[in-house]
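The values are calculated or read from the model by the stated rules, or taken from the named source; none is laboratory data. Quick caveat: nothing in here was measured; it's all calculated off a predicted structure. Quick reminder, even Gly has a Cβ in these numbers, built from the backbone with ideal geometry, and neighbours come from all protein chains shown. All accessible areas refer to the heavy atoms of the entire protein, side chains included, with ligands and DNA or RNA removed. Shrake-Rupley method; radii C 1.70, N 1.55, O 1.52, S 1.80 Å.
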Amino acid sequence: TVNRLVDDHDVVINISNTDSNSSEVEIIGFEGNINAALSEIEDILYKNEEIEEILLVQPMQRNKLLENSGATVKVIQAEINNMIGSNGIGVLLVFEKRPKEDMHSKDLTKLAIKTSRMSMKEAKKLVQKHIDAFDSKVRQVDVEPSLIPAIIGKGGANINALRKECKGADVDVDKDTGVIKIFSDDDETKEVIVKAIEKIVAEN
(Lines give C-alpha, C1' and ligand atoms only; values in the text may rest on other atoms or scores of the structure.)
Protein backbone atom coordinates (compact mmCIF):
# COMPACT_ATOMS: atom_id res chain seq x y z
CA THR A 1 0.00 0.00 0.00
CA VAL A 2 2.81 2.43 0.89
CA ASN A 3 4.63 1.76 -2.38
CA ARG A 4 1.42 2.37 -4.33
CA LEU A 5 0.82 5.67 -2.48
CA VAL A 6 4.39 6.74 -3.23
CA ASP A 7 3.99 5.96 -6.94
CA ASP A 8 0.47 7.41 -7.25
CA HIS A 9 1.21 10.71 -5.52
CA ASP A 10 4.93 11.15 -6.26
CA VAL A 11 5.86 11.54 -2.58
CA VAL A 12 8.23 9.99 -0.07
CA ILE A 13 6.58 8.27 2.90
CA ASN A 14 8.46 7.39 6.08
CA ILE A 15 6.76 5.37 8.81
CA SER A 16 8.19 5.06 12.31
CA ASN A 17 6.71 3.28 15.32
CA THR A 18 6.26 5.65 18.27
CA ASP A 19 5.09 2.85 20.60
CA SER A 20 3.46 -0.57 20.42
CA ASN A 21 0.04 0.91 19.56
CA SER A 22 0.79 3.77 17.20
CA SER A 23 3.00 4.88 14.31
CA GLU A 24 4.06 8.23 12.91
CA VAL A 25 3.84 8.94 9.18
CA GLU A 26 6.00 11.55 7.46
CA ILE A 27 5.10 12.59 3.91
CA ILE A 28 7.59 14.54 1.81
CA GLY A 29 6.76 16.17 -1.52
CA PHE A 30 4.85 19.03 -3.11
CA GLU A 31 1.98 20.39 -1.04
CA GLY A 32 -0.77 19.22 -3.41
CA ASN A 33 0.72 15.74 -3.61
CA ILE A 34 1.12 15.57 0.17
CA ASN A 35 -2.51 16.56 0.71
CA ALA A 36 -3.73 13.96 -1.79
CA ALA A 37 -1.61 11.22 -0.18
CA LEU A 38 -2.71 12.27 3.30
CA SER A 39 -6.36 12.19 2.28
CA GLU A 40 -6.00 8.65 0.94
CA ILE A 41 -4.13 7.51 4.06
CA GLU A 42 -6.92 8.89 6.27
CA ASP A 43 -9.48 7.07 4.11
CA ILE A 44 -7.54 3.79 4.45
CA LEU A 45 -7.29 4.20 8.22
CA TYR A 46 -11.01 4.97 8.47
CA LYS A 47 -12.02 1.93 6.45
CA ASN A 48 -9.67 -0.36 8.40
CA GLU A 49 -10.62 0.92 11.84
CA GLU A 50 -11.98 -1.92 13.98
CA ILE A 51 -15.61 -1.42 14.92
CA GLU A 52 -18.19 -3.51 16.75
CA GLU A 53 -21.84 -4.21 16.05
CA ILE A 54 -24.31 -6.28 18.04
CA LEU A 55 -26.80 -8.92 16.92
CA LEU A 56 -29.37 -10.40 19.29
CA VAL A 57 -29.49 -14.19 19.41
CA GLN A 58 -31.95 -16.65 20.93
CA PRO A 59 -30.59 -18.55 23.99
CA MET A 60 -31.04 -21.90 22.22
CA GLN A 61 -28.93 -20.71 19.31
CA ARG A 62 -26.26 -19.33 21.64
CA ASN A 63 -25.96 -22.73 23.27
CA LYS A 64 -25.70 -24.47 19.91
CA LEU A 65 -23.05 -22.07 18.63
CA LEU A 66 -20.96 -22.51 21.78
CA GLU A 67 -21.13 -26.31 21.83
CA ASN A 68 -17.83 -28.19 21.57
CA SER A 69 -15.76 -25.21 22.73
CA GLY A 70 -17.38 -22.89 20.22
CA ALA A 71 -16.56 -25.04 17.19
CA THR A 72 -19.46 -23.64 15.14
CA VAL A 73 -18.48 -20.05 15.92
CA LYS A 74 -14.95 -20.81 14.71
CA VAL A 75 -16.31 -22.31 11.49
CA ILE A 76 -18.44 -19.20 10.85
CA GLN A 77 -15.47 -16.92 11.56
CA ALA A 78 -13.29 -18.89 9.14
CA GLU A 79 -16.00 -18.76 6.46
CA ILE A 80 -16.36 -14.98 6.83
CA ASN A 81 -12.61 -14.40 6.87
CA ASN A 82 -12.26 -16.53 3.74
CA MET A 83 -14.97 -14.51 1.93
CA ILE A 84 -13.56 -11.16 3.02
CA GLY A 85 -10.08 -12.28 2.02
CA SER A 86 -7.03 -10.11 2.56
CA ASN A 87 -9.03 -6.87 2.38
CA GLY A 88 -10.03 -6.91 6.04
CA ILE A 89 -8.42 -7.28 9.46
CA GLY A 90 -10.31 -10.45 10.25
CA VAL A 91 -13.57 -11.10 12.05
CA LEU A 92 -14.10 -12.00 15.69
CA LEU A 93 -17.45 -13.19 17.07
CA VAL A 94 -17.88 -12.82 20.82
CA PHE A 95 -20.90 -13.59 22.98
CA GLU A 96 -21.53 -11.43 26.02
CA LYS A 97 -20.45 -13.04 29.27
CA ARG A 98 -23.26 -13.98 31.59
CA PRO A 99 -23.21 -14.83 35.29
CA LYS A 100 -23.78 -18.51 36.07
CA GLU A 101 -27.22 -17.76 37.48
CA ASP A 102 -28.24 -16.22 34.12
CA MET A 103 -27.01 -19.08 31.92
CA HIS A 104 -30.55 -20.50 31.59
CA SER A 105 -32.19 -17.13 31.05
CA LYS A 106 -34.70 -16.91 28.19
CA ASP A 107 -33.62 -13.35 27.37
CA LEU A 108 -31.96 -12.66 24.04
CA THR A 109 -28.17 -12.68 24.25
CA LYS A 110 -25.78 -10.25 22.56
CA LEU A 111 -23.39 -11.46 19.88
CA ALA A 112 -20.67 -8.91 19.11
CA ILE A 113 -19.17 -8.80 15.62
CA LYS A 114 -15.73 -7.19 15.59
CA THR A 115 -14.05 -6.38 12.31
CA SER A 116 -12.91 -3.49 10.12
CA ARG A 117 -15.38 -0.84 9.05
CA MET A 118 -15.11 -1.85 5.40
CA SER A 119 -15.74 -5.54 6.21
CA MET A 120 -18.60 -5.07 8.69
CA LYS A 121 -21.47 -5.00 6.20
CA GLU A 122 -20.47 -8.29 4.61
CA ALA A 123 -19.58 -9.90 7.95
CA LYS A 124 -22.90 -8.90 9.51
CA LYS A 125 -24.80 -10.21 6.50
CA LEU A 126 -23.06 -13.59 6.70
CA VAL A 127 -23.60 -13.94 10.46
CA GLN A 128 -27.27 -13.03 10.03
CA LYS A 129 -27.52 -15.67 7.30
CA HIS A 130 -26.37 -18.33 9.77
CA ILE A 131 -28.79 -17.05 12.42
CA ASP A 132 -31.68 -17.14 9.95
CA ALA A 133 -30.69 -20.66 8.85
CA PHE A 134 -30.82 -21.80 12.47
CA ASP A 135 -34.17 -20.11 13.08
CA SER A 136 -35.64 -21.87 10.05
CA LYS A 137 -34.89 -25.22 11.73
CA VAL A 138 -36.71 -24.33 14.95
CA ARG A 139 -40.29 -25.47 15.41
CA GLN A 140 -42.43 -23.89 18.11
CA VAL A 141 -45.23 -25.53 20.07
CA ASP A 142 -47.47 -23.51 22.39
CA VAL A 143 -49.14 -25.20 25.33
CA GLU A 144 -50.85 -24.07 28.50
CA PRO A 145 -48.17 -23.21 31.09
CA SER A 146 -50.00 -25.45 33.58
CA LEU A 147 -49.11 -28.46 31.38
CA ILE A 148 -45.38 -27.77 31.34
CA PRO A 149 -44.64 -29.86 34.48
CA ALA A 150 -46.28 -32.89 32.84
CA ILE A 151 -44.27 -32.38 29.66
CA ILE A 152 -41.01 -32.02 31.55
CA GLY A 153 -41.80 -34.99 33.80
CA LYS A 154 -40.60 -35.78 37.29
CA GLY A 155 -36.99 -34.68 37.60
CA GLY A 156 -37.01 -33.87 33.87
CA ALA A 157 -37.64 -37.51 32.97
CA ASN A 158 -39.92 -36.90 29.96
CA ILE A 159 -37.93 -34.13 28.34
CA ASN A 160 -34.62 -35.94 28.92
CA ALA A 161 -36.06 -39.12 27.38
CA LEU A 162 -37.02 -37.13 24.27
CA ARG A 163 -33.56 -35.62 24.02
CA LYS A 164 -32.00 -39.05 24.39
CA GLU A 165 -34.30 -40.64 21.82
CA CYS A 166 -33.88 -37.84 19.29
CA LYS A 167 -30.13 -37.47 19.03
CA GLY A 168 -28.93 -34.03 17.95
CA ALA A 169 -32.22 -32.36 18.81
CA ASP A 170 -32.56 -29.62 21.38
CA VAL A 171 -35.76 -28.87 23.28
CA ASP A 172 -36.15 -25.57 25.10
CA VAL A 173 -39.11 -25.12 27.46
CA ASP A 174 -40.34 -21.81 28.85
CA LYS A 175 -42.23 -22.64 32.03
CA ASP A 176 -43.80 -19.19 32.28
CA THR A 177 -45.22 -18.84 28.76
CA GLY A 178 -45.72 -22.47 27.75
CA VAL A 179 -43.60 -21.95 24.62
CA ILE A 180 -41.60 -25.01 23.60
CA LYS A 181 -38.92 -24.63 20.93
CA ILE A 182 -37.54 -27.66 19.15
CA PHE A 183 -34.36 -27.56 17.09
CA SER A 184 -33.16 -30.28 14.75
CA ASP A 185 -31.63 -30.50 11.31
CA ASP A 186 -34.10 -33.29 10.59
CA ASP A 187 -37.83 -32.54 10.12
CA GLU A 188 -38.82 -36.09 11.05
CA THR A 189 -37.06 -35.76 14.40
CA LYS A 190 -38.92 -32.54 15.14
CA GLU A 191 -42.19 -34.24 14.22
CA VAL A 192 -41.47 -37.11 16.63
CA ILE A 193 -40.95 -34.63 19.47
CA VAL A 194 -44.09 -32.64 18.56
CA LYS A 195 -46.18 -35.82 18.53
CA ALA A 196 -44.80 -36.84 21.92
CA ILE A 197 -45.65 -33.43 23.37
CA GLU A 198 -49.14 -33.52 21.85
CA LYS A 199 -49.68 -36.98 23.36
CA ILE A 200 -48.74 -35.74 26.85
CA VAL A 201 -51.05 -32.73 26.42
CA ALA A 202 -53.93 -35.00 25.33
CA GLU A 203 -53.43 -37.26 28.32
CA ASN A 204 -53.47 -34.37 30.76
Conditions (1) loosely packed, with under 12 Cβ neighbours inside 10 Å; (2) over 17 Å from ARG62 (Cβ atoms); (3) modelled with pLDDT under 90; (4) under 21 Å from the mean Cα position of the chain (by Cα) -> MET118 fails only (1)
The one condition GLU79 fails out of (1) in a helix (DSSP H, G or I); (2) out of contact with any helix residue (DSSP H, G or I) (no Cβ under 8 Å at 6 or more places or on another chain); (3) open to solvent by 40 Å² or more (accessible area, probe 1.4 Å) is (2)
Per the filter on the stretch 1-38, residues polar (S, T, N, Q), open to solvent by less than 70 Å² (accessible area, probe 1.4 Å) and part of a helix (DSSP H, G or I) are ASN33
Scanning the stretch 168-204 for residues that are in contact (Cβ under 8 Å) with a residue 12 or more places away in the chain, closer than 20 Å to ALA133 by Cα and exposed (fewer than 12 other Cβ atoms within 10 Å of the Cβ) gives GLY168, ASP185
Checking LYS181, LYS167 in turn, the sole residue that is part of a loop (DSSP other than H, G, I, E, B) and either more than 30 Å from MET83 (Cβ to Cβ) or basic (Lys, Arg) (or both) turns out to be LYS167
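When you look at ILE44, is it among the hydrophobic types (A, V, I, L, M, F, W, C), open to solvent by less than 40 Å² (accessible area, probe 1.4 Å) and outside any strand (DSSP E or B), yes or no? Don't jump to the end; show me each part of the working.
Values: among the hydrophobic types (A, V, I, L, M, F, W, C): yes; open to solvent by less than 40 Å² (accessible area, probe 1.4 Å): no; outside any strand (DSSP E or B): yes.
So ILE44 does not fit the description; no.
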The condition from (1) within 15 Å of ALA123 (Cα to Cα); (2) hydroxyl-bearing (Ser, Thr, Tyr); (3) at pLDDT 85 or above that SER86 misses is numbered (3)
Pairing a residue in the stretch 129-146 that is closer than 30 Å to MET83 by Cα and open to solvent by less than 90 Å² (accessible area, probe 1.4 Å) with any residue that is in a helix (DSSP H, G or I) and among the hydrophobic types (A, V, I, L, M, F, W, C), where Cβ atoms lie under 8 Å and the two sit 6 or more apart in sequence or on different chains, gives HIS130/ILE76; VAL138/MET60
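From the list ILE54, ILE89, pick out the single residue that is at negative phi and in a loop (DSSP other than H, G, I, E, B).
Values: ILE54 fails: in a loop (DSSP other than H, G, I, E, B).
The unique qualifying residue is ILE89.
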For LEU111, state whether it is modelled with pLDDT of 85 or more, in a strand (DSSP E or B) and either of a type in the set (Lys, Arg) or open to solvent by less than 80 Å² (accessible area, probe 1.4 Å) (or both). yes
